[in-house]
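Trainee: Have a look at the structure that comes next, please.
Please treat every number below as a calculation from the coordinates, not as lab data. Bear in mind that the values here come from a model prediction, so they are computed numbers and not experimental data. Glycine gets a Cβ as well: all are built from the backbone with ideal geometry, and neighbour counts include every protein chain shown.
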Amino acid sequence: MSTPYFIHESAYADAGAQIGAGTKIWHFCHIMGGAVIGENCILGQNVFVGSGVIIGNGVKIQNNVSLYTGLVVEDEVFLGPSVVLTNVLQPRAFIERKDEFLPTVIERGATVGANATIICGARIGKYAMVGAGAVVRKVVKPYALVVGNPARMIGWVGKAGRRLVFNGEGIAFCSESREKYLLINDEIQILG
């Protein structure tokens, strides 16, 4: 019987893992039982998905990313190569701290660039963009562009990922989609 998803012969999905239709799991991946992966996702080479991790639909996870218990990745998120995600703030090899896992949420459409580190307990807002190598320790607002260590906000991006430039009335247009955005009280609203 064929599966509704593709899993490379060198990858392994434990019993109890849920994998959605159209998802592609490439070389040397390991999906633990209790993990939930949505439809039409792509997991690049050497991705680990721990028990209890929830991945939405249309997510792209590049090579060498490990996703640990406590993580929720919403629909259409992009995780770049070698992104690091943690789940305990003060880990010690000789102390068991599984009861201290902090939840981390990456909201719909967000992008996390290559080699970025997301410290557990953080929340990445919808359509936000985390620059390559950034270290995120707290909340990133929806549509925010953050870079550096520690990550600091340097601007805004639209749904297409293009930087937004606001006029004196707080209005910007995406250069790609032509969607109209309003910046009011340090929050973004889409006007159309």
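Trainee: Given the C-alpha centroids of segment 138-192 and segment 93-131, what is the distance between them in whole angstrom?
Mentor: Measuring centre to centre over Cα atoms gives 21 Å.
Trainee: What share of the DSSP beta bridges in segment 1-108 is antiparallel, in percent to the nearest 5?
Mentor: On the way: 1 of 25 bridges.
So the antiparallel bridges amount to about 5 percent of the total.
Trainee: Please report, for the Cα atoms of the chain, the Rg to one decimal and the Dmax as a whole number; what are they, in angstrom?
Mentor: 17.6, 61
Trainee: Output the antiparallel fraction of DSSP beta bridges having both residues in the chain, as a percent to the nearest 5. Let's see the in-between values first.
Mentor: Working: 14 of 52 bridges.
Percent antiparallel among DSSP bridges in the chain is about 25.
Trainee: Give the lysines reachable from LYS159 as a straight Cα distance under 19 Å; neighbours fewer than 8 places away on the same chain don't count.
Mentor: Counting by Cα, and skipping residues close in sequence, LYS159 has these lysines nearby: LYS60, LYS126, LYS141, LYS180.
Trainee: Which order, highest average first, do 181-190, 148-157 follow once you tally other Cβ atoms within 10 Å for each residue and take the mean per peptide?
Mentor: Values: 181-190: 13.6, 148-157: 15.5.
Highest to lowest by the protection proxy: 148-157, 181-190.
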